[in-house]
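Data block below; observations after.
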Amino acid sequence: MKLNLVVTGDGSHTLYAVDLNEHYHSVNGAIQESQHVFIDAALRYHKKSEVNILEIGFGTGLNAVLSLKETEEFGRVIHYHGIEPFPLERELLDKFNYSSEIGEEKYFDLIHAASWDASEFISENFNLFKDQTTIQTVELSKRYDIVYFDAFAPDIMPELWTIAVFAKIYKAMNLDGVFTTYSCKGVVRRALLEVGFDVEKIPGPPGKREMLRAVKV
């Protein structure tokens, strides 16, 4: 897949997947989108001091870096399970400016230097397991408190936004677990409701009016 590096509206990088005609993040701002959708709406919304996080679409590692930063600022303990069937080449990742934009140069490098399909402590309070697989085939043996659903859009990869996928995730979550995604499409909302989530529309990041947050009740 041909990937082009792009500067977004907040100065941070993202990727444009030429074959899919799709960006990895909002062109209005990659960092501000991830901060809003996943950190503010999920990680900071969930109040436990120690959490298990599942990310569907590890991609550039931006959500992981921002989550790790939370452990440094607030002393939380995070066990992070990132799923990504097509890991990015390190040569491409080295071109990203997340380190300078976020101020976590050491951790961005450590996250991407970590082995795939193995558990590693990136810091004292952040354990990372990068899983080169798909959500359809992975065995979810943990119970998750937070789920970042950051897959390509439903129009691009509808097979990832199905009742079957959401039911699998729901079953693997703790009660009061929080699921967030940038999408607010009706088909996504209805599928989440179908499997048992309590779903709400909340304000989206800059450039997007709404997004979805779902809670297992």
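The values are calculated or read from the model by the stated rules, or taken from the named source; none is laboratory data. Computed from a predicted structure; not experimentally measured. For neighbour counting, all protein chains shown are included, and Cβ atoms are generated from backbone atoms with ideal geometry for every residue, glycine included. When the accessible area is computed, the model is the full protein with side chains, heavy atoms only, and any ligands, DNA or RNA have been set aside. Shrake-Rupley method; radii C 1.70, N 1.55, O 1.52, S 1.80 Å.
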Looking only at the stretch 105-123, and only at residues there that are outside any strand (DSSP E or B) and open to solvent by less than 30 Å² (accessible area, probe 1.4 Å), the one that is nearest to Met1 (Cα to Cα): His112
Conditions (1) surrounded by 16 or more Cβ atoms within 10 Å (Cβ to Cβ); (2) under 25 Å from Tyr170 (Cβ atoms); (3) at pLDDT 95 or above: number failed by Leu15: (2)
The stretch 179-195 - residue that is open to solvent by 20 Å² or more (accessible area, probe 1.4 Å) and not basic (Lys, Arg) and, of those, nearest to the chain's Cα centre (by Cα): Tyr182
Residue selected from the stretch 85-104 under the condition in contact with a helix residue (DSSP H, G or I) (Cβ under 8 Å, 6 or more places away or on another chain) and in a loop (DSSP other than H, G, I, E, B), by the criterion farthest from Thr162 (Cα to Cα): Glu104
Residues located in the stretch 204-217, provided they are under 15 Å from Ala41 (Cβ atoms) and over 18 Å from the mean Cα position of the chain (by Cα): Arg209
Meets criteria (among the hydrophobic types (A, V, I, L, M, F, W, C) and either surrounded by fewer than 17 Cβ atoms within 10 Å (Cβ to Cβ) or over 17 Å from Ile83 (Cα atoms) (or both)) for Val165: no
Of all residues making up the stretch 37-75, the number that are part of a helix (DSSP H, G or I), out of contact with any strand residue (DSSP E or B) (no Cβ under 8 Å at 6 or more places or on another chain) and open to solvent by 20 Å² or more (accessible area, probe 1.4 Å): 4
Hey, Thr162 in contact with a helix residue (DSSP H, G or I) (Cβ under 7 Å, 6 or more places away or on another chain) and within 21 Å of His36 (Cα to Cα) or not: no
Qualifying position, being part of a strand (DSSP E or B), open to solvent by 30 Å² or more (accessible area, probe 1.4 Å) and in contact (Cβ under 8 Å) with a residue 24 or more places away in the chain, among Asp176, Asp198: Asp176
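Okay, residues lined up against (1) under 15 Å from the mean Cα position of the chain (by Cα); (2) without any contact (Cβ under 8 Å) to a residue 60 or more places away in the chain:
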{"position": "Ser26", "(1), (2)": "yes, no"}
{"position": "Gly57", "(1), (2)": "yes, no"}
{"position": "Asn63", "(1), (2)": "yes, no"}
{"position": "His79", "(1), (2)": "yes, no"}
{"position": "Glu84", "(1), (2)": "yes, yes"}
{"position": "Tyr98", "(1), (2)": "no, no"}
{"position": "Ser115", "(1), (2)": "no, yes"}
{"position": "Thr134", "(1), (2)": "yes, yes"}
Criterion violated by Lys142 - all others in (1) assigned to a loop (DSSP other than H, G, I, E, B); (2) surrounded by 13 or more Cβ atoms within 10 Å (Cβ to Cβ); (3) more than 16 Å from the chain's Cα centre (by Cα); (4) at pLDDT 95 or above satisfied: (4)
